[in-house]
Amino acid sequence: MRKMETELKLLKSSHCVGESNFHMQFTPKYRKPVFENPVIKAECERLLLGIAEQLGIMVAGIGFGPDHAHMFLSNCKNYSAAKLAMRLKGASSRVLRMKLWRELAPYYWGKSFWSDGYFYRSVGAVNYQTMKYYVEKSQDKHWHKQSYEEYAHEKQRTLSEFA
């Protein structure tokens, strides 16, 4: 597995110099809280990291809420967001359904693990630590219940405030 670097650098190849980073979010079918199960969460993380390694892209950060997964991907110059989503979701879904069907059975029926869509954002000149923190740490809010009053009075933070 590729070592996560502390700083993103411009990549050089024989004909180009640049960076290509994506923040991606995948949601399980029916938005079920499958990642509350530590076995499913650990296996999904292992699979996503392995697929990224096979594709030659770096996972700079990965994090989970109970019902979604975030990834901060770097060195993606050879892949569109659609191709990355297809490869990451397709391969992980197939293996998860084969290996962990008993754990997944209470949540699903059919031949899908992930929902049809995905979120992506190309991330350019953003501080690496900011994005890593957002992807890995800011998901804590999804793991505890919050009353409407708490939610209504909570100040929305921007990405730059995570630094």
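The values are calculated or read from the model by the stated rules, or taken from the named source; none is laboratory data. Keep in mind that what you see is a predicted model, and the values were worked out from it rather than measured. Cβ placement follows ideal geometry from the backbone for every residue including glycine, while neighbour counts extend to all protein chains displayed.
Give all pairs with beta carbons closer than 7 Å in which a residue from the stretch 17-38 that is over 17 Å from residue 112 (Cα atoms) and without any contact (Cβ under 8 Å) to a residue 12 or more places away in the chain meets a residue that is assigned to a loop (DSSP other than H, G, I, E, B) and not acidic (Asp, Glu); count only pairs at least 6 apart in sequence or on separate chains.
17/10
For the stretch 81-116, enumerate the residues that are at pLDDT 95 or above and farther than 24 Å from residue 42 by Cβ.
81, 82, 83
Across the stretch 43-52, what is the number of residues that are surrounded by fewer than 18 Cβ atoms within 10 Å (Cβ to Cβ) and in contact with a strand residue (DSSP E or B) (Cβ under 8 Å, 6 or more places away or on another chain)?
So the answer is 1.
Might you let me know whether the stretch 54-62 holds any residue that is at pLDDT 90 or above, assigned to a helix (DSSP H, G or I) and of a type in the set (Val, Ile, Thr)?
So far as the stretch 54-62 goes, no, none of its residues is at pLDDT 90 or above, assigned to a helix (DSSP H, G or I) and of a type in the set (Val, Ile, Thr).
Would you check if there is a residue in the stretch 119-129 being over 12 Å from the mean Cα position of the chain (by Cα), of a type in the set (Gly, Ala, Ser) and at pLDDT 85 or above?
yes
Kindly provide the set of residues from the stretch 64-102 that are over 29 Å from residue 17 (Cα atoms), in contact (Cβ under 8 Å) with a residue 24 or more places away in the chain and either of a type in the set (Gly, Ala, Ser) or assigned to a helix (DSSP H, G or I) (or both), ordered by number.
If the condition is that a residue be over 29 Å from residue 17 (Cα atoms), in contact (Cβ under 8 Å) with a residue 24 or more places away in the chain and either of a type in the set (Gly, Ala, Ser) or assigned to a helix (DSSP H, G or I) (or both), then 65, 69, 91, 92, 95, 96, 99 are the ones that fit.
Inside the stretch 25-42, can you point out the residues that are closer than 12 Å to residue 64 by Cα and not in a loop (DSSP other than H, G, I, E, B)?
Residues satisfying the conditions are 25, 26, 28, 34, 35, 36, 38, 40, 41, 42.
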